[in-house]
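What follows is a short report on a single structure.
The values are calculated or read from the model by the stated rules, or taken from the named source; none is laboratory data. Just so you know, these numbers come straight off a predicted model, no measurement behind them. Here the Cβ is made from the backbone with ideal geometry for all residues, glycine too, and neighbour counts use every protein chain on show.
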Amino acid sequence: MTPMPENKSERIAALADQCVQCGLCLPACPTYALDGNEAESPRGRIAIAAALAKGLAPVTDELRTPLDHCLGCLNCERVCPAQVRFGELLVETRTLLGPAPGRPRMLLALAKRPALLRWTRLSGLRRWYAQLARWLPRRSRFRAALVLAASPTSSSLRPAHRETAPRAPALAHVALFPGCVGSVDDAAAQEAAVALLEAAGHPATRLPAFCCGALDAHGGDARAAEQGARRVQESWRGSGASVLVTVTPGCLGQLRHALPGVRVEDPCALLAAQADRLQFRPLPMRVALHLPCTQLNVARSDEALRVLLGRVPALEVVPLPPRCCGAAGSHLLEFPERAAALRAPTLDAIATLAPQALLSSNIGCRLHLAAGLAGQGIAVPTLHPLVLLAQQLIPGNPP
Ligand code: SF4
Ligand code: SF4
């Protein structure tokens with residue numbers, strides 16, 4: 001790989017110059033499908049980023065908006081024959097421009113504080129959120145946040161079976177990164193991940209809960225993103241583990257950025273490698289499987305997840321068409337109407353399938369989909385796939 005220049009603008013220009021403008025990424029881009037407009041496509045965004053970085057155009061709303069609209073789903077990166085590193089180019093360009101003026105800082109600051117989030121959940125305030133949201137305009141970011149916070153989360157399934165100690169021979173020691181929103185709204189998935197990892201032979205410990213900086217990196221706040229990365233490095237140093245995992249694929253890219261040279265994975269990748277050690281009780285149920293873009297394009301753990309779910313006897317797993325649901329980190333708060341439009345085809349697919357449960361690994365996607373389903377009066381439990389797997393795990397599997 002050619003070394004990248006030190007200077008940010010030159011780095012963006014060099015990344016953009018790798019694009020041969022073939023347009024093969026356009027059909028994979030959800031915002032191009034939504035708007036039908038070159039500026040809202042990967043190729044258009046690369047051209048805008050190059051023009052801004054080279055000083056060929058001033059930063060205007062017209063040029064900035066398509067960059068702000070980008071979901072960071074990386075569908076374009078996955079299909080690009082020239083291997084353009086679009087994710088890197090997007091983060092570099094956003095940090096060059098700085099956070100968008102309309103970024104909902106207060107809401108994001110709340111989302112990044114697990115203790116405060118936990119308090120709002122436990123205080124009983126949550127039952128008023130849906131009522132309050134009705135009084136606010138459809139485009140309001142506070143309305144989007146309240147609808148999201150009021151949506152049914154995680155799981156209605158019983159707690160995971162916990163084994164008290166990993167069996168010998170022990171595999172690599174794993175540290176679990178709980179994150180911020182995930183540490184509160186996806187606590188069941190984290191419990192499930194630890195139970196499954198230990199059953200597979202991986203000693204597992206949990207790191208403290210805080211924001212890794214992914215929300216800031218994608219929002220163009222370089223300083224806050226680097227603060228998050230430094231906290232990750234400090235807490236990793238004291239863990240004594242050799243692999244880091246997160247049940248939220250949306251955090252994976254930032255964790256890998258914070259810890260170069262460290263193996264950072266979706267727990268599914270480790271579990272699938274030890275699938276023979278895990279046995280599950282039958283579950284005669286039809287579930288829809290939503291694969292978040294970050295699981296497909298960053299974690300690349302979709303196949304590992306399918307392998308694990310395939311080991312649950314009698315479970316029928318129906319994959320939803322792979323398209324971005326519009327959650328995309330803070331996008332669902334910044335652009336609630338676009339996020340709802342991007343979500344609509346996935347809600348239609350779920351309504352047609354009429355599954356008994358919806359599985360999705362990313363807490364943001366799951367909350368966004370659950371809010372949409374609740375809005376349509378569709379009652380489907382939504383849960384992290386690891387919660388289902390841990391629920392069905394037969395304790396004391398053979399080594
Ligand atoms: S597929 Fe790659 S090279 Fe082709 S236009 Fe898209 S980003 Fe550029
Ligand atoms: S990251 Fe996703 S939304 Fe952004 S340009 Fe690429 S395909 Fe389109």
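Taking I378 as the residue in question, decide whether it is surrounded by fewer than 23 Cβ atoms within 10 Å (Cβ to Cβ), touching a residue at least 40 places away in the same chain (Cβ under 8 Å) and more than 18 Å from V181 (Cβ to Cβ).
So I378 fails the test.
Only one of A288, A269, A344 is within 27 Å of L373 (Cα to Cα) and part of a helix (DSSP H, G or I). Can you tell me which?
None of the other options fit; the residue is A344.
So for the range 273-284 (the condition being in a strand (DSSP E or B), crowded, with 16+ Cβ neighbours inside 10 Å and modelled with pLDDT of 95 or more), does at least one residue qualify?
The answer is yes, given that some residue of the range 273-284 is in a strand (DSSP E or B), crowded, with 16+ Cβ neighbours inside 10 Å and modelled with pLDDT of 95 or more.
Conditions first: (1) more than 18 Å from A100 (Cβ to Cβ); (2) within 16 Å of ligand 1 (Cβ to nearest atom); (3) part of a helix (DSSP H, G or I). R11 passes all but one, so which condition is the exception?
All conditions are met except number (2).
Would you pick out the residues in the range 298-338 that are within 16 Å of Y32 (Cβ to Cβ) and surrounded by 22 or more Cβ atoms within 10 Å (Cβ to Cβ)?
Matches in the range 298-338: C324, G326, A328, H331, F335.
Hey, which of the helices (runs of 4 or more DSSP H) in the range 30-102, taking only ones fully inside, have at least 1 residues that are among the hydroxyl-bearing types (S, T, Y) and within 16 Å of ligand 1 (Cβ to nearest atom)?
It comes to 30-35, 86-97.
Out of R43, R85, R113, which single residue is modelled with pLDDT under 95 and of a type in the set (D, E, K, R)?
Values: R43 fails: modelled with pLDDT under 95; R85 fails: modelled with pLDDT under 95.
One residue alone meets the criteria, R113.
Do we find that L388 is over 17 Å from the mean Cα position of the chain (by Cα), in contact (Cβ under 8 Å) with a residue 40 or more places away in the chain, outside any strand (DSSP E or B) and under 30 Å from L278 (Cα atoms) in this structure?
So L388 fits the description; yes.
Quick check: is even one residue across the range 20-28 surrounded by 15 or more Cβ atoms within 10 Å (Cβ to Cβ), at pLDDT 95 or above and assigned to a helix (DSSP H, G or I)?
Yes - at least one qualifying residue is present in the range 20-28.
In this structure, does E40 turn out to be of a type in the set (D, E) and within 12 Å of ligand 2 (Cβ to nearest atom)?
So E40 fits the description; yes.
List every residue pair whose Cβ atoms lie under 7 Å apart, where the two residues are 6 or more positions apart in sequence or sit on different chains, the first residue falls within the range 16-43 and is in contact (Cβ under 8 Å) with a residue 40 or more places away in the chain, and the second residue, located anywhere, is aromatic (F, W, Y) and within 9 Å of ligand 1 (Cβ to nearest atom).
P42/F86
Specify the residue that is modelled with the lowest pLDDT; the eligible residues are those in the range 46-79 that are among the polar types (S, T, N, Q) and more than 9 Å from ligand 2 (Cβ to nearest atom).
Keep residues of the range 46-79 that are among the polar types (S, T, N, Q), which gives 60, 65, 75.
Now restrict to residues that are more than 9 Å from ligand 2 (Cβ to nearest atom): 60, 65.
Numbers: T60: 92, T65: 95.
Residue satisfying both the conditions and the ranking: T60.
Return the residues of the range 16-26 that are within 10 Å of ligand 1 (Cβ to nearest atom) and not β-branched (V, I, T); say none if nothing qualifies.
Within the range 16-26, the first condition is being within 10 Å of ligand 1 (Cβ to nearest atom), and the residues that meet it are 16, 18-26.
Of everything in the range 16-26, those that are within 10 Å of ligand 1 (Cβ to nearest atom) and not β-branched (V, I, T) turn out to be A16, Q18, C19, Q21, C22, G23, L24, C25, L26.
Within the range 204-223, is there a residue that is touching a helix residue (DSSP H, G or I) at 6+ places or on another chain (Cβ under 9 Å), assigned to a helix (DSSP H, G or I), surrounded by fewer than 20 Cβ atoms within 10 Å (Cβ to Cβ) and small (G, A, S)?
yes
Would you be able to tell me the number of residues in the range 21-37 that are on the phi > 0 side of the Ramachandran plot and among the polar types (S, T, N, Q)?
Count: 1.
Would you say A33 is among the hydrophobic types (A, V, I, L, M, F, W, C) and either crowded, with 17+ Cβ neighbours inside 10 Å or more than 16 Å from ligand 2 (Cβ to nearest atom) (or both)?
Values: among the hydrophobic types (A, V, I, L, M, F, W, C): yes; either crowded, with 17+ Cβ neighbours inside 10 Å or more than 16 Å from ligand 2 (Cβ to nearest atom) (or both): no.
No: the conditions fail for A33.
Is it the case that L332 is modelled with pLDDT of 95 or more, within 16 Å of ligand 2 (Cβ to nearest atom) and assigned by TED's automatic domain parsing to the domain that holds R366?
So L332 does not fit the description; no.
Return the residue satisfying two criteria in turn: it lies in the range 224-245 and is hydroxyl-bearing (S, T, Y) and part of a loop (DSSP other than H, G, I, E, B), and of such residues it is modelled with the lowest pLDDT.
S239
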